[in-house]
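Notes follow the structure.
Nothing in this text is a laboratory measurement; each read-out follows from the coordinates by a stated rule. As the structure is a computational prediction, the values presented were derived from the model and not from experiment. Neighbour counts are summed over all protein chains in view; Cβ atoms, including those assigned to glycine, are modelled from backbone coordinates with ideal geometry.
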Amino acid sequence: MKFDKPAGQNPIDQLKVVGKPTDRIEGPLKTTGTAKYAYEYNEQVTNPAYGYILGAAIARGTITRIDQTAAKAAPGVLAIVTAANAGPLQTGKFYVSRFLAGPQVDHYHQAVAIVVAETFEQARSAAALLKVEYKKQAGDYDLEASKGSAQPPNPGPYTPPGETLIGDFEGAFKAAEVKIDQTYSTPDQAHAMMEPHATIAKWDGDKLTCWCTIQQLNWGIRDLGVILGIPKENVRLISAYIGGGFGGKGTVLSDLVAASLAARAAGRPVKLTLQRPLMFNNTIHRPKTIQRIRIGAKQDGTITAIGHESWSGNLPGGMTESTIASTRLLYAGANRLTRLRLAVLHLVEGSAMRAPGEASGMMALEIAMDEMAEKLQMDPVDFRIKNDTQEDPEKPGRKFSTRKLVECLREGADKFGWERRNAKPGIIREGDWLIGMGVAAAMRGAPITKSAARVRLDSSGKITVETDMTDIGTGSYTIIAQTAAEMMGVGIDQVQVKLGDSSFPESSGSGGQWGAASSTSGVYAACMKLREAVAGKLGFDVEKAQFSDGRITVGDRSAALADAAKNGELVAEDTMTYGELSKEYAQDTFGAHFVEVGVNAFTYEIRVRRMLAVCHAGRILNPKAARSQVIGAMTMGVGAALMEEMVVDKKVGFFVNHDLAGYEVPVHADIPHQEVILLEDIDPTMSPMKAKGIGELGIVGVAAAVANAVYNATGIRVRDYPVTLDKLLRAV
Amino acid sequence: MKSFTYQRVTTPAEAAAAIADKPGAKFLAGGTNLLDLMKLQIETPAHLIDIGRIGLDKIEPTANGGLRIGALVSNTDLAADPKIRKDYGVLSRALLAGASGQLRNKATTAGNLLQRTRCPYFYDTNQPCNKRVPGSGCAAIAGFSKQLAVIGSSDACIATHPSDMAVGMMALDAVVETINPAGKTRQIPISQLYRLPGKTPHLETNLEKNELITSVVLPAPVGGTHIYHKVRDRASYAFALVSVAAILFKDGSGKIAIGGVAPRPWRVPGAEKLIPSGAKAFAAKLMEGARPTQDNKYKLALVERTIELVLKEGKS
Ligand SMILES: Cc1cc2nc3c(=O)[nH]c(=O)nc-3n(C[C@H](O)[C@H](O)[C@H](O)COP(=O)(O)OP(=O)(O)OC[C@H]3O[C@@H](n4cnc5c(N)ncnc54)[C@H](O)[C@@H]3O)c2cc1C
Ligand code: SF4
């Protein structure tokens, strides 16, 4: 089915099942520990060997020798894989990392060897017996220092142009009555999901099956095929449940490659999981950025010039952190500039993490907006409202499909008690605590992409959905079941959803906030076909048919769905594809975050006291799942604001705090009462579901709202994240 | 992890004797620190002597009105003990500010005292670290040192001792009791337990090789207001950037030990006469000779400010 004109009325609009705050259908499996994660397929693989990766001890250079004598002789060792015996390996189509070092080492903890043994402990202990000699080479690890050599990035599907220029930015900025010119930085951040990357790899002849932790199975088979040099048809990936991803498990990472190679070498299935330190220096992360923002405005607050320049670094060929994405669309202003620059750094690869680009970009832009409002002596909510736009500021005439940023800000200000904020910072005090409030806008693109599904109707009237969509903890199982139930007119308990198997029809996968809207649209398309098949089988006119209560009805004639499958299961499959509506309309999601913090007047410890998010993000398919996504994202935003930083040792060239004791993420005690308001929105330009994503929107702007609240509490402006007490103390 | 052998013992004497028999052996108490370090091959004992069942798990009154805490009393039980909560509040609060509920259930009194540093370079066996591999150098001094020591450190090592409990015990003038393989017992004031790193940061305590900690004795209650304030970037489950254990008396005097700043809980009794003069004067004396890095000099201001807060709390 091709979606190329705005959706009219359709079965989803009944909202009998879709739009309800349904509990997760797989919840009981998770709370009872019976949902199977990659490492747990013990019935399917009864005789696994265990693989353990030895990471490089240097950041850059060459391996001159690996003495395997002791490791080979260690108890239980079955095989040792290194570049010398692994066979040729390519890089995948998304990440640029090479997953096996040798002779060149590209980054710290790059896999040097995979030791395979009878038990995990034997493999780990033998790995420590490998003696690896290196020749070190100097590398670049410091973005500040390498900024000067940064180049415009090569445009790509996930990289906006290196430069956009509208009107006369420099002239308008110079002439502006009020202006700011500030530089901000965001640090390298880790996804730090609970479940480590893990794979069980099993070869049957030249066919490879891997139980793994991948968000995009379609990318996974493509990339693993390319890397190993085998046809992707020979690869089957299964990721039925994933213990968190946040973009950090997009496609093939070293665990999959290592397990596959190890299983081939050992002639046995191999289980392999990344030890926690490798998750920091061996996989991917959100890269550090330096961002210069210039805003010029008239005295009345009208923005006349807005400029956003940004630097990030990566391994050669890696992606650019597209921080400027929101700046291009969020506020009006006739004269505009955005500029992206990418430096070569020899740290592990930077790539997608929840709201890539927008999250880091808005960490900077939304502090700049706060600074500007103060300079204009305007309320920061009013300043943002004043500069709202209902059309793409770079392409006048191109409307936003839906956009209620102003309503988000107004509703949020009202519900949060924003009027109690004192515009003068450092004034409100409760006991030993300085109290402040902050606001930030949120914006995240609403991409939607091709997605397929297969639906089956059996003779008992039950519906089964199959698609290679994944559920990374977001609620995919549930919203897909809701969609199928709505379409076929059955209760949600009549729907079984099977996900996370690359042998199922190819879905959008989970990433880029496109999963919910795209995968349910694919299910919609398949269900339309199944409705036709049912109607055809039972002699109904599908155009006139009502599907409800497990029956198909036209006028006063009615039959049970099950009757259509009496003589055998009905199966329908379809793919939803898209026309040009996303060019015609700017399709985005919007929100506003309000935060209150307390800062200890003595120690400058920062504690968040209240948080509110108001979101405008298309039709909400399941308000409970959507709320969970937003509060999780708000929590992650607090981490970004107050503690998360992978510290670069610029001498050695690695992330030093490479475990969960050193890399702090918020704990329960850091997170206060959180409220989420979801504004009504139905976007017919998106798909028949009229939905958008929300999981990434929720993080965008949060950190800036926290930073702005800290400023309001203390009068100290920290422009380098995370905002920690040592930085506040330095300014006292 | 290196292969090791394992043995369970049932009495303190048996434990002390067993360790003398086995070169490269270590005691295993709660295991919350030792096992992690073994998995990372930072500790590589050839033999473990599990002392989890040797008794020493009671808190009993002493003849002179104090308390004797068995070496195997869990951090949870110690923090919750009514006598500790009533008369030694600073210790209970210090314990509860540390780790997490689950860890405190396993962690023991002796194990907590002997837990090793959280210097991030100590945890990465690819990096030079004089504490882990004597003579290999110190990656932290010119590296990332935000959490590390500002005082008592040396050119060889700037690690801190991470315990909260020990900071509380330092303010309380606790005494550590031990037994050696020959059956000889002795008492070590907690102020004498830890060594400063000097040129030998791998030698962390003044315990003899194979000496078993049997208990920690708290002197008779001294009264006063007990405060433990732990400062960190996140609200829980993080090691202290700075912590202050204070026992403050009505007359303005007090006993104050600081955590997170030195290779041991930092207390300078000679400085305490300045407590009545306020945080600034006291902190200046207490931190005299500090040698912070660029990354951690904020700790000096933080110590003073946290003491100021604590003194204010003590008055109210
Ligand atoms: C994630 C995490 C967070 C933590 N956070 C904090 C925190 O915020 N604050 C804090 O203070 N601590 C914290 N800890 C540390 C925790 O308090 C220690 O791990 C614990 O107290 C160690 O006690 P244990 O009984 O498990 O010791 P073990 O690991 O069993 O032993 C530690 C050492 O002591 C030796 N030993 C044990 N008993 C004796 C004895 N009787 N005589 C001689 N030697 C002995 C062992 O041989 C070993 O060398 C944290 C730990 C973890 C893992
Ligand atoms: S500070 Fe001490 S523990 Fe840390 S790297 Fe240096 S020597 Fe090792």
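Per-structure values
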quantity	calculated
Alpha-carbon Debye profile of the stretch B:5-50, log10 I(q)/I(0) at 0.14, 0.15, 0.20, 0.29 Å⁻¹	-0.30, -0.35, -0.60, -1.08
Principal axis box of the stretch A:42-178, alpha-carbon based, largest edge first, Å	75, 41, 30
Greater than 28 Å apart at Cα, pairs in A:498/A:583; B:39/B:184; A:404/A:544; A:544/A:690; A:20/A:415	A:498/A:583; B:39/B:184; A:404/A:544
Cα Rg, Dmax, the stretch A:331-482, angstrom units	22.2, 70
Efficiency of FRET from Cβ geometry, residue A:276 and residue A:667, R₀ 22 Å, rounded to 0.05	0.85
Neighbouring partner chain Cβ atoms per residue of B:233-244, average, 10 Å criterion	6
Gap separating the Cα centres of the stretch A:71-125 and the stretch A:321-368, nearest whole Å	35
For chain B: rounded, prolate or oblate by the Cα gyration tensor [a/c cutoff 1.5]	oblate
Average beta carbon contacts from partner chains per residue of A:719-726, 10 Å cutoff	3
Partner lysines for residue B:58 [C-alpha distance under 20 Å; skip if fewer than 8 residues away on the same chain]	B:83, B:86, B:106
Reference-scaled alpha-carbon Rg (2.2 N^0.38 Å with N residues) for the stretch B:54-104	1.13
Exercise: per-residue mean of other protein chain Cβ atoms within 10 Å, A:663-676	2
Scattering profile of the stretch A:263-312 at q = 0.15, 0.19, 0.25 Å⁻¹ [log10 I(q)/I(0), Debye over alpha-carbon scatterers]	-0.68, -0.81, -0.96
Kirkwood Rh, Cα atoms: Rg over Rh of the stretch A:317-368	1.01
Spin-label pair residue A:422/residue A:607, simplified geometry with 7 Å Cα→Cβ offset, distance in nm	2.0
Spatial extent of the protein assembly as shown: Rg and Dmax, with the Cα atoms as the point set, Å	30.8, 98
Reachable aspartates and glutamates from residue A:202, criterion Cα separation under 16 angstrom, eight or more residues apart if same chain	A:40, A:43, A:118, A:233, A:255, A:501
Separation of alpha-carbon centers, the stretch B:68-139 and the stretch A:184-257, rounded to whole Å	38
Pairwise label distance in nanometres, residue A:563 with residue B:20, each label 7 Å out on the Cα-Cβ vector	9.2
Peptides ranked, highest mean first, by Cβ atoms within 10 Å: ranges B:65-76, A:514-525	A:514-525, B:65-76
Pairwise label distance in nanometres, residue B:8 with residue A:496, each label 7 Å out on the Cα-Cβ vector	4.5
Viscosity 1.567 mPa s, temperature 4 °C, Stokes-Einstein D of the stretch A:193-310 from Kirkwood C-alpha radius, µm²/s	79
Fluctuation leader among B:201, B:23, B:120 - chain B, Gaussian network, Cα springs under 10 angstrom	B:23
Ranked by how many other beta carbons lie within 10 Å on average, peptides A:129-142, A:295-308 from highest	A:295-308, A:129-142
Calculated [θ] (222 nm, deg cm²/dmol) that DSSP helices of n ≥ 4 give over chain A, each run adding -39,500 (n - 2.57)	-7500 deg cm²/dmol
Span-rule helices in chain A, defined as complete DSSP H runs reaching 20 Å or more along the axis (Cα) with Kyte mean at least 0.0	A:358-376, A:515-538, A:623-642
Computed helical MRE - 222 nm, chain B, DSSP H runs ≥ 4 contributing -39500 (n - 2.57), nearest 500	-7000 deg cm²/dmol
All lysines inside 17 Å of residue A:424 as judged from Cα atoms, apart from same-chain residues fewer than 8 positions distant	A:375
Cα-derived Rg over Rh, computed across the stretch A:419-577 with Rh taken as Kirkwood radius	1.28
Per-pair calculated FRET efficiency, R0 = 35 Å: residue B:195 and residue A:70 via Cβ, rounded to 0.05	0.50
Solvent-free Debye scattering, log10 I(q)/I(0), computed from the Cα coordinates of the stretch B:46-134 at q = 0.14, 0.19, 0.25 Å⁻¹	-0.63, -0.93, -1.24
